[in-house]
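Working notes, beginning with the structure itself.
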Amino acid sequence: MKKNLVIFDFDQTLMDTLGKEEGLNIWKEKTGQDYPHKGWWGRKESLDLDVFDIEPNKDVLSDYYKHKENDDTICLVTGRLKKLEDYVKLILDKHNLDFNGGVYCRDGGKDTADFKLKLFKKMIDTGDYHNITIYEDRFDHVKIFEEWTRSLDIPGKIVFV
């Protein structure tokens, strides 16, 4: 039976994670120390639930629940590195969010859009889907994914968050 494939991005799409500038201020306020790293998105500290109150984006969360009710195949695909997968899953578990299609973290490389596009292609090639919907917050990725979905034999929709 064909299903809808629904893919959610993690940071600033499904979850209201903080960017580096705001995160550094909160880190200092809550810990009393300067943030110990130069990088942000590749560090487990940026997902520390003892420091940050990471909540779902309410508008996107309502769509997540609609897709769950429809028994769609739901995936989470993030540019967060594979080494952070347990931290991503901890946040999802905290909010009782599960993904019957899997949770995928970037396994290296610098180009998140390229990683996601290759994974999306593999999902479409190996699944039996009649529609794909992708939730994404980065405008440059939205444009890439829109162009790609136009080349598919099934309808595709990109939701810019």
Counting only residues 5 or more places away or on other chains, whose amide H sits under 5 Å from the amide H of Tyr104 once H atoms are built in the peptide plane?
Leu76, Val77, Thr78
Would you mind calculating the gained length between Lys68 and Lys143 on full extension (0.36 nm times residue separation, minus the Cα-Cα distance), in nm to one decimal?
24.4 nm
Segment Gln12-Leu152, length gained on full extension (0.36 nm per residue, minus Cα span):
47.7 nm
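Quote the charge dipole size of region 1-156 about the Cα centre in Debye, to the nearest 20; the model charges only the Cβ of Lys and Arg (+1) and of Asp and Glu (-1).
Dipole magnitude for region 1-156 comes out near 480 debye.
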Viscosity 0.692 mPa s, temperature 37 °C: what is the translational diffusion coefficient of region 5-161 from Stokes-Einstein with a Kirkwood Rh over Cα pairs, rounded to a whole number of µm²/s?
201 µm²/s
Amide proton proximity set for Asp11, modelled H, under 5 Å, gap of 5+:
Gly79
Given the -39500 (n - 2.57) contribution per DSSP H run of 4+ residues, what per-residue ellipticity at 222 nm results for the chain, rounded to the nearest 500 deg cm²/dmol?
-12000 deg cm²/dmol
0 to 90° range, to nearest 10: angle between helix 112-126 axis and the chain longest Cα axis
30 degrees
On a 0 to 90° scale, report how tilted helix 139-150 is relative to the longest principal axis of the chain, with both axes built from alpha carbons and the result rounded to the nearest 10.
20 degrees
With contacts defined as alpha carbon pairs under 8 Å and 6 or more residues apart, what's the relative contact order of region 92-161 in percent?
28 percent
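Sort 101-113, 33-45, 3-15 for me by packing, meaning the mean count of neighbouring Cβ atoms within 10 Å per residue, highest on top.
3-15, 101-113, 33-45
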Given the pairs Lys82/Lys143; Lys44/Lys83; Lys2/Lys89; Lys58/Lys121, which are separated by over 19 angstrom at their Cα positions?
Lys82/Lys143; Lys2/Lys89; Lys58/Lys121
I need to check one value: relative contact order of the chain, counting alpha carbon pairs closer than 8 Å and at least 6 residues apart, in percent.
30 percent
Can you give me the angle between helix 58-69 and the longest principal axis of the chain, using Cα atoms only, in degrees from 0 to 90, rounded to the nearest 10?
40 degrees
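Read the figures in this text as sums done on the coordinates, not as results from a lab. Note that the structure is a prediction, hence the values are computed from the model and not measured. Every residue, glycine as well, gets a Cβ built from its backbone with ideal geometry; the counts of neighbours run over all protein chains shown.
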